[in-house]
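Colleague: I have a structure I would like to understand better, so I am pasting it below and will then ask my questions one at a time.
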Amino acid sequence: MLLDINGTIVNAFIEPQFEEVSSGHLVTVQFSDLDALGRFKHHMQGDTRIDLTDKYFHFTGYTQLLDLNHHISGERIALQELLVAEDVSPAPVAYRWSGWEDHTEDEDGDLIQGEDWQGSSLAQDINDARWELPTSLIEFYVYPLFTVPAELNRIVTSSGL
């Protein structure tokens with residue numbers, strides 16, 4: 001779906017491989033030039049891909065639908081409007097993730113802020129990453145990585161992947 005984000009035209013869509021991997025909805029966002037990418041870069045996480053052979057959109061990044069909706073003008077985009085039938089990005093080798101614990105109350109009824117959690121997981125382990133933590137997360141957002149991050153290199157090397 002072509003969108004205008006603060007005067008920048010981008011192509012945004014949700015690939016089948018990312019449709020259910022996050023509690024939010026992971027959106028692939030394509031940009032035509034480096035300046036356009038730079039204006040939106042601080043709203044994206046994970047790896048940015050470059051494809052100079054693409055006729056219109058050379059740069060690809062990833063954001064959550066909630067963040068994308070926050071930055072567009074006009075009506076909010078519904079999930080169904082962004083779903084595409086085929087994957088465009090290569091399959092990630094890993095994901096960077098972040099999650100938040102629910103807020104709780106102490107014995108006096110005061111709100112206790114839940115902790116923020118962050119980490120990386122190999123792609124095949126991402127579905128287990130959320131549930132293997134010592135706590136329950138109310139939100140779990142993931143961002144694709146196309147190279148193995150340093151903190152996971154030891155795991156990949158020792159397992160022979």
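The values are calculated or read from the model by the stated rules, or taken from the named source; none is laboratory data. Remember, it's a predicted structure, so these values are computed and weren't measured experimentally. Don't worry about glycine lacking a Cβ; one is built from the backbone with ideal geometry, like all the others, and counts go over all protein chains shown.
Colleague: Which of the residues that make up region 43-68 are part of a helix (DSSP H, G or I) and surrounded by 15 or more Cβ atoms within 10 Å (Cβ to Cβ)?
Modeller: Within region 43-68, the subset part of a helix (DSSP H, G or I) is 43, 65-68.
Result: 43, 65, 67, 68.
Colleague: Continuing with this model, one more query. I'd like the full set of residues that are farther than 21 Å from residue 75 by Cβ and either at pLDDT 85 or above or surrounded by 14 or more Cβ atoms within 10 Å (Cβ to Cβ) (or both), limited to region 16-25.
Modeller: Those that are farther than 21 Å from residue 75 by Cβ and either at pLDDT 85 or above or surrounded by 14 or more Cβ atoms within 10 Å (Cβ to Cβ) (or both): 16, 17, 18, 19, 21, 22, 23.
Colleague: So, in region 51-69, how many residues would count as being within 21 Å of the chain's Cα centre (by Cα) and touching a residue at least 24 places away in the same chain (Cβ under 8 Å)? Step through it out loud before you land on a result.
Modeller: Here is the first cut: in region 51-69, the residues within 21 Å of the chain's Cα centre (by Cα) are 51, 57-69.
Those still in the list that are touching a residue at least 24 places away in the same chain (Cβ under 8 Å) too: 57-68.
So the answer is 12.
Colleague: Taking region 118-149 as the region of interest, how many residues are hydrophobic (A, V, I, L, M, F, W, C) and at pLDDT below 85? Steps first, answer last, please.
Modeller: Residues of region 118-149 hydrophobic (A, V, I, L, M, F, W, C): 122-123, 126, 129, 131, 133, 137-138, 140, 142, 145-146, 148.
Subset that is at pLDDT below 85: 129, 131, 133, 137-138.
Residues that pass the stated criteria total 5.
Colleague: Turning to a different aspect of this structure: Would you check which residues across region 1-15 are free of Cβ contacts under 8 Å to residues at least 60 places away in the same chain and either of a type in the set (A, V, I, L, M, F, W, C) or within 12 Å of residue 77 (Cα to Cα) (or both) and list them?
Modeller: Step one: of region 1-15, the residues free of Cβ contacts under 8 Å to residues at least 60 places away in the same chain are 2, 7-11.
Answer for region 1-15, where residues must be free of Cβ contacts under 8 Å to residues at least 60 places away in the same chain and either of a type in the set (A, V, I, L, M, F, W, C) or within 12 Å of residue 77 (Cα to Cα) (or both): 2, 9, 10.
Colleague: Whether any residue in region 83-94 is in contact with a Ser or Thr (Cβ under 8 Å, 6 or more places away or on another chain), at pLDDT 85 or above and not in a loop (DSSP other than H, G, I, E, B) is what I want to check. First the steps, then the outcome.
Modeller: Of all residues in region 83-94, those in contact with a Ser or Thr (Cβ under 8 Å, 6 or more places away or on another chain) come to 88-89, 93-94.
Next cut, at pLDDT 85 or above only: 88-89, 93-94.
Pick out the ones that are also not in a loop (DSSP other than H, G, I, E, B) and you get 94.
Within region 83-94, one or more residues are in contact with a Ser or Thr (Cβ under 8 Å, 6 or more places away or on another chain), at pLDDT 85 or above and not in a loop (DSSP other than H, G, I, E, B).
Colleague: A further question on this structure: Could you list, in sequence order, all residues of region 95-132 that are of a type in the set (A, V, I, L, M), without any contact (Cβ under 8 Å) to a residue 40 or more places away in the chain and closer than 22 Å to residue 62 by Cβ? Can you show your working first?
Modeller: Keep residues of region 95-132 that are of a type in the set (A, V, I, L, M), which gives 111-112, 122-123, 126, 129.
Okay, now just the ones that are also without any contact (Cβ under 8 Å) to a residue 40 or more places away in the chain, so 111-112, 122-123, 129.
Of everything in region 95-132, those that are of a type in the set (A, V, I, L, M), without any contact (Cβ under 8 Å) to a residue 40 or more places away in the chain and closer than 22 Å to residue 62 by Cβ turn out to be 122, 123, 129.
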